[in-house]
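Asks: Below is the structure I would like to discuss, written out as structure tokens.
Nothing in this text is a laboratory measurement; each read-out follows from the coordinates by a stated rule. All of these numbers come straight from a predicted model, not from anything done at the bench. Don't worry about glycine lacking a Cβ; one is built from the backbone with ideal geometry, like all the others, and counts go over all protein chains shown.
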Amino acid sequence: MNKTCGFHLYVNIKNIAEIIKGDEDKNDDLKRSIHRLHTFFCGLTKVVKEYGGEIEKFTNGRCHIFLEKGETEKDSEYKVRINDLLVATMYFSDEVFNSIPKYRDYTSFKVQAGLDYGEFYKYDIEGLDEFTTIGAVANIAAKLTSFSLAKEIYITDDARKKLAEADQELFKRIDESKEKEIQERLKGSPMIYYAKYTVLNKRN
């Protein structure tokens, strides 16, 4: 079990349960939704790998991603890479995937995300070619995701401080009452910020 440090990002299809429930009595549509979900995860995996991220697991419509700093990577490069990963995963999920012609007539996937930064353990599961991460940082990122709205990324102050200075300014503190509600679900009381991924998008 190796102790390390990095960003944990959860990307979730906010309306996946609603889509599946709506297809329950339509056998062909349900099959298509399951196929869509599989295609989505395959595409997202390629995007994550492009930016050097790792995927721990998929659960329901949620993907758990983490990004460690490379051994020879400069802090400035790491800060740019996390921003690029945030934008790329959300852009793929919200715009690219939903624009695939054969899926265009189906309900669009609405995506949300949560991000935290901190120490965690990577544990290789004995006898299996699998690993898991252990630590509060992943749990916090997952809970933040459940509160964020579509196209939004919720992050802790710890994660925000690790971003490039220009990117930090793009995240705004969430409403005090909502922050308190989220803090009650978390260990500790971190300040919480949010941004639409389109605000972080530097493609232009």
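Asks: What number of residues within segment 50-77 are free of Cβ contacts under 8 Å to residues at least 12 places away in the same chain and farther than 13 Å from Leu9 by Cα?
Replies: 7
Asks: Under 8 Å by Cβ, and 6 or more places apart or on different chains, what pairs join a residue from segment 142-156 that is under 9 Å from Lys196 (Cβ atoms) and in contact (Cβ under 8 Å) with a residue 24 or more places away in the chain with one that is small (Gly, Ala, Ser) and surrounded by fewer than 24 Cβ atoms within 10 Å (Cβ to Cβ)?
Replies: If the second residue must be small (Gly, Ala, Ser) and surrounded by fewer than 24 Cβ atoms within 10 Å (Cβ to Cβ), the pairs left are Glu152/Ala195; Ile153/Ala195.
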